[in-house]
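Note sheet for the following structure.
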Amino acid sequence: MLTSTTTQTTPSTSTSTSYSRYQKTLSQTLARLNISEKEANFFKEPQFIHKKEIAIIRDDGTTALYPAFRVQANNARGPFKGGIRYHPLADEDEVKTLAALMAIKTAVVNIPFGGGKGGIQLDPKSLSKKELEAVSRAYIRAFKDHIGSDIDCPAPDVNTNPAIMAWMRDEYEKETKTFSPSMITGKPMSFGGSLGRDTATARGGFFILEELIERTAMDPDELRVAIQGFGNAGMHMAHFLHNAGFTVVAVSDSHGGIYSPDGIDPVRIEKYKRNTGEVTGEYCEGSVCDLNRMKYDNVERITNEQLLEIECDILIPAALDNVITEENAPRIKAQYILELANGPTTPEADEILNRRGVKLIPDVLANAGGVTVSYFEWTQGRSGEQWTAEKVDAELKRVILDAYKGVRRESYRNKITYREAAFSIGIKRMLDAMRARGWV
Ligand code: GLU
């Protein structure tokens, strides 16, 4: 039942896919940097694409098969690194794009990793806990020959969490008969995790915003923020911003969102989300809402599309990719966009936003706090040390702000956007390592 293919890749000819959109930004970077054809070819496709169909026995006794992927984009700078997502839309094209972005990201923050990504095409909400554990262990059995702390180190991504990382490490250690605390990151504290990993993605983005507004002499309490997505990144970001005095005017999850010009209290949202599964849970049960209460609290229910166009100063896409497009980019009101999600903006939207003077902090920098603390966790696993929360926070701040300042400098000097600057820095660092190895 288990089908498996591993390919060493050749250039693709696909057109309007996520990967072709990524390739557009990549080609512009390669042209700008004047990179030779031979060297440029190395960046155009991942080094390896591993695909398998993984099988589990469901609680009702039937067998279910799920397509699963591990894409290894580039390991010139160190082991492949990147999360595993569980999503109905996780296909080869998406995982390939996300793997390539990871290689740029680890280079932008200058940590000793390459880039990879994994995915299982399924809806995790349709599985019981037992089934979720079975599918997570099956993933590791399927790809165990391609992962390991010196080879390829996975981590959480959309719909995966520390409990899943723990099952994966346990399965890997059983299968390989090794002690391998650093084969995966984002583990629970009780099983080799690092302090600060759960809040790291949001924390990194928050450090960048703090630095940005300090330089522009703005005050948090003058700034309204809208956040799309209330998963790990979006939720922690809402807390950091609210606690620092920003007004969080809108949040959402996959069911929809909530808006209040007076500001929303993320503590209340989190409580209702936990109990009802929805950020609107305080006011609505499914599609039925208590309109009187909403009016009293000056709260409105909004869609995910409306959230992106809401009246605010800072927009934070923290959910899925390709949500800011040429269609809605002209109507975005925010002055600043901080991409906590991976790939939320299409290249066409990028151009429109840039023309309109919207300042965008790209994913490969804005959400790099997650993989940075993964690196700290990987290091701790290898040395047997346990860092304090203060040390993690201080080191994360140093790494992220160094990267941010580097991108800002590159952007100003070459009159290019922050995304273009981040890609330039990432590609140059990868190329330096490839040249040093004699690959090109
Ligand atoms: N999934 C996260 C990302 O996209 C974290 C990856 C990691 O920690 O390896 O950056």
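Residue under question is GLY426, and the condition is that it be of a type outside the set (Val, Ile, Thr) and within 16 Å of the ligand (Cβ to nearest atom); does it hold?
Details: of a type outside the set (Val, Ile, Thr): yes; within 16 Å of the ligand (Cβ to nearest atom): yes.
The answer is yes for GLY426.
If the condition is being more than 17 Å from ILE425 (Cβ to Cβ) and touching a residue at least 60 places away in the same chain (Cβ under 8 Å), then the range 20-35 contributes ARG21, LYS24.
Using the structure shown, decide if ARG197 is among the basic types (Lys, Arg) and more than 12 Å from the ligand (Cβ to nearest atom).
On the way: among the basic types (Lys, Arg): yes; more than 12 Å from the ligand (Cβ to nearest atom): no.
For ARG197, the condition - among the basic types (Lys, Arg) and more than 12 Å from the ligand (Cβ to nearest atom) - is not met.
The range 317-407 holds helices (runs of 4 or more DSSP H) entirely within its bounds, and those carrying 3 or more residues that are β-branched (Val, Ile, Thr), closer than 24 Å to PHE230 by Cα and under 19 Å from the mean Cα position of the chain (by Cα) map to 369-383. Restricting attention to the range 64-117, the residues being of a type in the set (Phe, Trp, Tyr) and either surrounded by fewer than 23 Cβ atoms within 10 Å (Cβ to Cβ) or touching a Cys at 6+ places or on another chain (Cβ under 6 Å) (or both) number 1. One residue alone among ALA368, ALA341 is near the ligand (Cβ under 10 Å from one of its atoms), touching a Lys or Arg at 6+ places or on another chain (Cβ under 7 Å) and aliphatic (A, V, I, L, M), and that residue is ALA368. Within the range 405-424, is even one residue of a type in the set (Val, Ile, Thr), surrounded by fewer than 17 Cβ atoms within 10 Å (Cβ to Cβ) and either at pLDDT 95 or above or touching a helix residue (DSSP H, G or I) at 6+ places or on another chain (Cβ under 6 Å) (or both)? No: the range 405-424 contains no residue that is of a type in the set (Val, Ile, Thr), surrounded by fewer than 17 Cβ atoms within 10 Å (Cβ to Cβ) and either at pLDDT 95 or above or touching a helix residue (DSSP H, G or I) at 6+ places or on another chain (Cβ under 6 Å) (or both).
Residues of the range 128-173 that are closer than 23 Å to PRO112 by Cα, more than 16 Å from the ligand (Cβ to nearest atom) and free of Cβ contacts under 8 Å to residues at least 24 places away in the same chain: ASP145 alone. For the range 58-114, filtered to residues that are under 17 Å from TYR19 (Cβ atoms) and among the small types (Gly, Ala, Ser), the residue that is nearest to the ligand (Cβ to nearest atom) is GLY82.
When you scan the range 287-302, do you find a residue that is closer than 17 Å to VAL225 by Cα and surrounded by fewer than 16 Cβ atoms within 10 Å (Cβ to Cβ), even just one? Even if it seems obvious, please write down each step before you answer.
Taking the range 287-302 and keeping what is closer than 17 Å to VAL225 by Cα, we get 298-302.
Cutting the leftovers down to surrounded by fewer than 16 Cβ atoms within 10 Å (Cβ to Cβ) gives us 298.
Yes - at least one qualifying residue is present in the range 287-302.
One residue stands out among those in the range 198-230 that are at pLDDT below 95 and assigned to a loop (DSSP other than H, G, I, E, B): the one that is surrounded by the most Cβ atoms within 10 Å (Cβ to Cβ), which is MET218.
The values are calculated or read from the model by the stated rules, or taken from the named source; none is laboratory data. These numbers come from a predicted model, not from an experiment. Note that we place each Cβ from the backbone using ideal geometry, even for glycine, and neighbour counts take in every protein chain shown.
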